[in-house]
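To start, the structure itself, in structure tokens.
The values are calculated or read from the model by the stated rules, or taken from the named source; none is laboratory data. Predicted model, so just to flag it, every value in this text is computed and none were measured. Ideal geometry is used to build each Cβ from the backbone, glycine not excepted, and the neighbour counts take in all protein chains shown. Ligands, DNA and RNA are excluded from the accessible area calculation, which covers all protein heavy atoms including side chains. Shrake-Rupley method; radii C 1.70, N 1.55, O 1.52, S 1.80 Å.
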Amino acid sequence: MNRYMFWVLIILPWFILAIFLTHNRNPQVRALVLVMLLIHMAIVINSRRKAVGLSLAETFKAFVPLWGSKEYNRLFFQEV
């Protein structure tokens, strides 16, 4: 997966969520949309993880501040 496509797939759903939450007041629908957003993020990060060659443990390490900075840079900024 190209890193630019990865960034679009990561950022665009948050804009859609922000617009959706400002216009929809039904809490049941909000919960469903949030769950779908989390599933989308998991799928995108997993496909990027496989493209970059990170293990699952290294991917979790990438999300820990100041500990997995090398893995974070590989996951989010490495050219594939």
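Things to note:
- Charging the Cβ of each Asp and Glu at -1 and of each Lys and Arg at +1, and nothing else, the dipole of the chain about its Cα centre rounds to 60 debye.
- Where GluC sites (Glu not before Pro) fall in DSSP loop in the chain, at most 16 other Cβ within 10 Å: 79
- Helix 27-52 vs. the chain, principal-axis angle (Cα, 0 to 90°, nearest 10): 20 degrees
- Restricting region 1-73 to chymotrypsin sites (Phe, Trp or Tyr not before Pro) in coil, as DSSP defines it, with at most 15 other Cβ within 10 Å: 63, 67
- Put the Cα centre of region 48-80 next to the Cα centre of region 1-36 and the gap is 22 Å.
- Length-normalised contact order of the chain in % [C-alpha pairs under 8 Å, at least 6 apart]: 36 percent
- Average accessible surface area per residue within the chain, 1.4 Å rolling probe, Å²: 71 Å²
- Each residue of region 11-25 was assigned a 3J(HN,Hα) from its phi angle through the Karplus expression (A = 6.51, B = -1.76, C = 1.60, θ = phi - 60°), giving 7, 4, x, 5, 5, 4, 5, 4, 5, 4, 5, 6, 10, 10, 10 Hz with x at Gly and Pro.
- Gained length - residue 56 relative to residue 80, 0.36 nm times residue gap less alpha-carbon distance: 6.8 nm
- What a 1.4 Å probe finds exposed on the chain is 73% carbon and sulfur by accessible area, rounded to a whole percent.
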